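Q: Could you have a look at this structure, given as structure tokens, before my questions?
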Amino acid sequence: MTELLRHHEERISITDSYFPGKNIRHVNADTQSGMIFTYLVAHNADATLKETACYFGYDKNYFSRLCRRLFNKSFSEQLTFIRIELAKRMLAFSNKRIEQIAAELGYKNNSSFFTAFKREVAITPNDYREQHGYRLAHQHINDN
């Protein structure tokens, strides 16, 4: 049971930290990346480079460079990473329909969600759910 809980904690850690505020100009890089990451997790469905830069008080071009420096990836790559990690959690721990998950994560159509998911995870959302899914999680809990 302890091993199952440890595995669960690894999966849910994406949103566990909280960095309040939006003034990131005079804080260290770890705090900057944490604050931006937390904002993107909370606003993953509708975050844009322009709106996120504005929220933190930056020009979008400067903010784009800041994201690349902090995350070693572009703003859109970081947002996609967050969306896919959230999708993996939803697929594994809920019985929501895949179309519903895609919509909640801000994907305009299922095709773009499936393409992004397969590019990042190397399997389809359906296959991921079969391997790590809701039924499997409940089965392990009931077995212990």
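The values are calculated or read from the model by the stated rules, or taken from the named source; none is laboratory data. Bear in mind the structure is a predicted one, so any value in this text is a computation, not a measurement. Heads up, the Cβs are rebuilt from the backbone with ideal geometry, glycines too, and the neighbour counts pull from every protein chain shown. Please note that ligands, DNA and RNA were not included when accessible areas were found on the heavy atoms of the full protein model with its side chains. Shrake-Rupley method; radii C 1.70, N 1.55, O 1.52, S 1.80 Å.
Q: On the protein heavy atoms, probe 1.4 angstrom, tell me the percent of accessible surface of segment 73-122 carried by carbon and sulfur.
A: Values: 1210 of 2470 Å².
After summing per-atom areas, the C and S share lands at 49 percent.
Q: Determine which residues of segment 65-108 fall in the zone a paramagnetic label at R119 would reach in this model, i.e. backbone nitrogen under 15 Å from the point 7 Å along Cα→Cβ.
A: Hits in segment 65-108 for R119 at 15 Å: 73-85, 107-108.
Q: Extending each Cα 7 Å along its Cβ direction at R97 and K73, get the distance between those two points in nm, one decimal.
A: Taking the simple label geometry, R97 and K73 are separated by 2.9 nm.
Q: Right, next: Given a 1.4 angstrom probe, what's the average accessible area per residue across segment 50-121, in square angstrom? Don't skip to the end; give the middle numbers.
A: Details: 3940 Å² over 72 residues.
Result: 55 Å² of accessible area for each residue.
Q: Among the listed pairs K73/K96; K50/K88; K50/K73, give every one whose C-alpha distance is greater than 22 Å.
A: Numbers: K73/K96 30 Å; K50/K88 27 Å; K50/K73 17 Å.
The answer is K73/K96; K50/K88.
Q: Report, to the nearest whole %, how much of the accessible area of segment 33-72 belongs to carbon and sulfur atoms, 1.4 Å probe, protein only. Mind showing how you got there, number by number?
A: Details: 1060 of 2130 Å².
Its accessible area is 50 percent carbon and sulfur atoms.
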